[in-house]
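*Asks:* Got a structure for you, written out below as structure tokens; questions coming shortly.
The values are calculated or read from the model by the stated rules, or taken from the named source; none is laboratory data. All of these numbers come straight from a predicted model, not from anything done at the bench. So basically every Cβ, Gly included, is an ideal-geometry build from the backbone, and we count neighbours across all protein chains shown. Ligands, DNA and RNA are stripped out before the accessible areas are found, and what is left, the full protein with its side chains, is counted by its heavy atoms. Shrake-Rupley method; radii C 1.70, N 1.55, O 1.52, S 1.80 Å.
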Amino acid sequence: MTPDQLYGWWLPARASTYAADLDRQLDVFHVAMGLIFVCWGAFMIYCLIRYRARPGVPAVYSHTGIVKSMIPDGIVLAFELFMIFVIGLPVWAHVMETFPEEKKANVAAVIAQQFAWNIHYPGPDGLFGRRDIKLISSGNPIGLDDADPAAKDDLVSVNQFHVPLGKPTLVYLSSMDVIHSFNVPAFRTKQDATPGMRVRIWFEPIMTGTFEIACAQLCGLGHYRMRGDVIVHTQEEFDAWLAKKQAEKAEL
Amino acid sequence: MEGVAVHPKAGAHETHPELSFVRKYIFSTDHKVIGIQYMITSLLFLLSGFTMMLLMRWQLAYPGHVLPIIGRFLPDTMAPGGVMLPEFYNQLGAMHGTIMVFLGVVPLGVSAFGNFVLPLQIGAKDMAFPFLNMLSYWIFLVGGILMLSSFAMPGGAAQSGWTSYSPLADLAPPGQTMWLIAMTFIITSSLFGAINFITTTMNMRAKGMTWMRLPFFVWCQFVTAILLVLAFPVLQGGAILQLMDRVAKANFFIPANLIFGGVPVEQPGGGNPLLWQHLFWFLAHPEVYVLLLPEFGIVAEVLANGTRKPLFGFKELVISLCSIGVLSFIVWAHHMFLSGMRTDVTKFFTVTTMLISIPSVMVLTCFLLSLRGGSIHFTTPMLFAIAFLPLFGIGGLTGLPLGFTPTDIYLHDTLYVIGHFHYVVVTGSLIALFAGIYYWFPKMFGRRMNVFWGKVHFWVSVIAMNGIFFPMLIQGMAGVLRRQYDPTAQVHNLPSLGLNKVMTWSAILLAVAQIPFILNFFISLFKGEKSTDNPWNATTLDMAACPSPPPHGNFAGDLTVHRGPYEYSVPGHKTDWSPQHVPEDQLTGRMQQQPAQQE
């Protein structure tokens, strides 16, 4: 999809497996909110017209009991509890608490910094090499320690997050300096990257293409231009890309 | 008015010697003068925070264009050649939020109206601690001036958002230190005020003023003061810890192995950035209700008066109010669903957040049902109070998908959040505050504000406010994120960017709409039509039992309260308002033709 097709005036295209689940809840909420608002508004307008001040018509003196006015509250409470327990928590558990197995997933670490997204792939051995902030340089943005055997096959890219179609991607998210937030609108993925913490998130794309990564948490003067792309390939393309990058690294 | 016992005018002055100009109007301990001082000061802060927002809105609608008029006066460290720098945008954003919340809306709702109205409504001659009250204002003023002057610090004012998240705020330029010091002053001032309000309400009520006879406004101020006393010290503690991180190289919020600007941070770390968020939001969520509850009170007063009937469900309103107060302390982490906090903790906060919406719905339901059976007079304050109902409704409803964890994943940090809380605080709180200004102005100054210009102010403001905030909800649904200096830098923002022009021009319209208000305010101060002692034919003591403006000492002699606060249109009474302090035998008689409401 081109950006024009992906993004518009309302929710972006749904490019991940859980996007539709989350969107459905947004839809339910907005329909319910619209209904409540219209009912309130209609009642208010009716009252404003029906009970406008007219000469000789006094207001009705009454101290009404409590029960009748509880009906709208009861309806709203029932709706909210239904949303939480029947619809909300299962989806929350699916998106935020149930992670794919490392063996069956594409694994990567995203290390945020002012104002870029560093992507760290563990390579064929599946192990992330050791990192040390003393080793950070312009050629080594995440301070990867080449002396570590696990680091030999690791790949690092900046702002370009390559992932395959057809299997989930498991991301270890962290930050080197301040709090950032990893946001891919088309996937409905968002999670703060907090320094000193390493949290897991996951997503599974359902189409190939390029999807924007934005930073959602104010991280300094370059916050607005902290962006990257998730590039979704077919598995074959992805394997070819990996092989090419490994070869380039070996030449160095 | 015949037959209704009105206060004797003499008496109050005799016990108080005449004071010098300075003691009477500047370093005054009179709650009414302090209330008016707070009102003028916080209106000025509101204007300054609004001006900052106009600059930001210009940048959003026309990124990289020269700022009109103001641009050429700004120094090169803020806007070289009149074009705003991203650092300056972030400073304006942080200061807009801070000023509007802590120096604008809260002091106007709590300190200005609370100080002026609360002692009058409970029949007290002044606050319990008049000197502390004066101190509170002057500490507030110092805090406010420090906050504004922080733009002159090297590197400019605070620029890490009004939330000042660590470690960004720990490592920010010196303006952040000034922010923390200024906040300490503002918090101290709030605490002095809150202690005063609680003591005054508990101890200084007139004879017969039982708790259930207190006007709803007093209830709101009372609950608000309790929230302030319990919540603000937590932020004060947090602010001092962050200050220590900055000036004494402590490590409360700085984690280990931090690298900033390409160099390792000298502090060894070991702290936790999430701790700051917990401390901040432990205050800042109750603070949201501090922004709102006094305004509930104002709307209740104006609605009862404008519909000429008792408020619907007074007891229910009080119960809802107290529930909101209690629940507001256990919802704070709904601001942190995506912070990396344990995901099962979030479930607790989702449930409490949904629960707190129930008493809020109750309040709104009671207000709406209060219209039913009324005799609705569309006075200027009443217009604002009526507009509060649907517009605050939008604010409340749009809070639902944000407080609900799965939908918050997408909406968190988008403009949807901004639209939501501006609907709450601007078309909710601020509109109610305008209602309060138009309602109590005659009582404060003894003169009425112009009706025609009041209505112009109302209609243009309400249209402009919706023009600013509704597009935010749409942009938020499109995924546009908050705090973006240049929205064109991201592809997914591009389709809905045109809305920024709508919002910016609506903001300019809102600015223009305040001109009639400001002129009306100051011209009416000197030239307005003289007000009667009970300008709105109201029942509460502030309106019915003292002259306009009330003298030093407020009431002549001691008052006795005979009935509840909103006894309007009581069958068998001569007038359609039955003041709280007038004995029953003076009220009974055939009800007269309704007096023409002065609008």
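*Asks:* Got at least one residue in segment A:42-55 being more than 9 Å from every other protein chain (Cβ to nearest Cβ) and either surrounded by 18 or more Cβ atoms within 10 Å (Cβ to Cβ) or within 39 Å of the chain's Cα centre (by Cα) (or both)?
*Replies:* yes
*Asks:* Write out, first by first residue and then by second, each pair whose Cβ atoms fall under 7 Å of each other, whose residues are 6+ apart or on separate chains, and whose first residue, in segment B:520-539, is touching a residue at least 12 places away in the same chain (Cβ under 8 Å) while the second is open to solvent by 30 Å² or more (accessible area, probe 1.4 Å) and of a type in the set (Val, Ile, Thr).
*Replies:* B:Asp533/B:Val6
*Asks:* From the list B:Thr177, B:Thr224, which residue is surrounded by fewer than 19 Cβ atoms within 10 Å (Cβ to Cβ) and either modelled with pLDDT of 95 or more or in a helix (DSSP H, G or I) (or both)?
*Replies:* B:Thr177
*Asks:* Among the residues of segment A:106-157, what is the count of those that are farther than 25 Å from A:Gly222 by Cβ, away from every other protein chain (no Cβ under 14 Å) and either open to solvent by 40 Å² or more (accessible area, probe 1.4 Å) or without any contact (Cβ under 8 Å) to a residue 60 or more places away in the chain (or both)?
*Replies:* Result for segment A:106-157: 15.
*Asks:* Here are some residues: B:Glu295, B:Glu287, B:Glu316. Which one is farther than 30 Å from A:Leu135 by Cα, assigned to a helix (DSSP H, G or I) and either within 12 Å of another protein chain (Cβ to nearest Cβ) or without any contact (Cβ under 8 Å) to a residue 12 or more places away in the chain (or both)?
*Replies:* B:Glu316
*Asks:* Still on this structure, please answer the following. Among the residues of segment B:26-77, write down those that are more than 23 Å from B:Ser548 (Cβ to Cβ), in contact (Cβ under 8 Å) with a residue 24 or more places away in the chain and among the charged types (D, E, K, R).
*Replies:* If the condition is that a residue be more than 23 Å from B:Ser548 (Cβ to Cβ), in contact (Cβ under 8 Å) with a residue 24 or more places away in the chain and among the charged types (D, E, K, R), then B:Arg57 is the only one that fits.
*Asks:* For segment B:539-573, which positions are surrounded by fewer than 22 Cβ atoms within 10 Å (Cβ to Cβ), touching a strand residue (DSSP E or B) at 6+ places or on another chain (Cβ under 7 Å) and within 14 Å of another protein chain (Cβ to nearest Cβ)?
*Replies:* The one that is surrounded by fewer than 22 Cβ atoms within 10 Å (Cβ to Cβ), touching a strand residue (DSSP E or B) at 6+ places or on another chain (Cβ under 7 Å) and within 14 Å of another protein chain (Cβ to nearest Cβ): B:Gly572.
*Asks:* Among the helices (runs of 4 or more DSSP H) confined wholly to segment B:76-169, which include 1 or more residues that are open to solvent by 10 Å² or more (accessible area, probe 1.4 Å) and closer than 30 Å to A:Arg225 by Cβ?
*Replies:* B:86-98, B:130-149
*Asks:* Considering each of B:Ile376, B:Ile394, B:Ile356 in turn, give the residue that is open to solvent by less than 10 Å² (accessible area, probe 1.4 Å), touching a helix residue (DSSP H, G or I) at 6+ places or on another chain (Cβ under 9 Å), hydrophobic (A, V, I, L, M, F, W, C) and at the interface with chain A (Cβ under 10 Å from one of its Cβ atoms).
*Replies:* Exactly one residue qualifies, and that residue is B:Ile376.
*Asks:* Given the residues B:Ile386, B:Ile431, which is the only one that is buried (at least 22 other Cβ atoms within 10 Å of the Cβ), within 8 Å of chain A (Cβ to nearest Cβ), of a type in the set (Val, Ile, Thr) and outside any loop (DSSP other than H, G, I, E, B)?
*Replies:* Step by step, each of B:Ile386, B:Ile431 is checked, and only B:Ile386 is buried (at least 22 other Cβ atoms within 10 Å of the Cβ), within 8 Å of chain A (Cβ to nearest Cβ), of a type in the set (Val, Ile, Thr) and outside any loop (DSSP other than H, G, I, E, B).
*Asks:* Then there's this: Would you mention how many residues in segment A:202-221 are open to solvent by less than 10 Å² (accessible area, probe 1.4 Å) and more than 7 Å from chain B (Cβ to nearest Cβ)?
*Replies:* Of the residues in that region, 5 qualify.
*Asks:* Then there's this: Give just the number: which of (1) facing chain A (nearest Cβ under 8 Å); (2) open to solvent by less than 20 Å² (accessible area, probe 1.4 Å); (3) touching a Phe, Trp or Tyr at 6+ places or on another chain (Cβ under 6 Å) does B:Leu369 not satisfy?
*Replies:* The failed condition is (2).
*Asks:* Any residue in segment A:202-229 that's within 22 Å of B:Ser339 (Cα to Cα): show its pairings with residues that are among the charged types (D, E, K, R) at Cβ separation under 6 Å, as long as the two are six or more apart or on different chains.
*Replies:* A:Ala214/A:Arg227; A:Ala216/A:Lys190; A:Ala216/B:Asp413; A:Gln217/A:Asp192; A:Leu218/B:Arg483; A:Leu221/B:Glu87; A:Tyr224/B:Asp486
*Asks:* Right, another one. All but one of (1) open to solvent by 30 Å² or more (accessible area, probe 1.4 Å); (2) under 22 Å from the mean Cα position of the chain (by Cα) hold for B:Lys501, so report the exception by its number.
*Replies:* Answer for B:Lys501: the failing condition is (2).
*Asks:* Still on this structure, please answer the following. So, A:Gly88, is that one in contact with an Asp or Glu (Cβ under 7 Å, 6 or more places away or on another chain), of a type outside the set (D, E, K, R) and either within 30 Å of B:Gly403 (Cβ to Cβ) or at pLDDT 90 or above (or both) or not? Please lay out each step first, then the result.
*Replies:* Numbers: in contact with an Asp or Glu (Cβ under 7 Å, 6 or more places away or on another chain): no; of a type outside the set (D, E, K, R): yes; either within 30 Å of B:Gly403 (Cβ to Cβ) or at pLDDT 90 or above (or both): yes.
No, not satisfied.
*Asks:* Take the conditions under 24 Å from B:Asp344 (Cα atoms) and in a loop (DSSP other than H, G, I, E, B) and apply them to A:Phe128. Does it pass?
*Replies:* No, not satisfied.
*Asks:* Name the residue, out of B:Asn272, B:Asn257, B:Asn251, that is of a type in the set (S, T, N, Q), more than 8 Å from every other protein chain (Cβ to nearest Cβ) and open to solvent by 10 Å² or more (accessible area, probe 1.4 Å).
*Replies:* Details: B:Asn272 fails: more than 8 Å from every other protein chain (Cβ to nearest Cβ); B:Asn257 fails: more than 8 Å from every other protein chain (Cβ to nearest Cβ).
After applying the criteria, what remains is B:Asn251.
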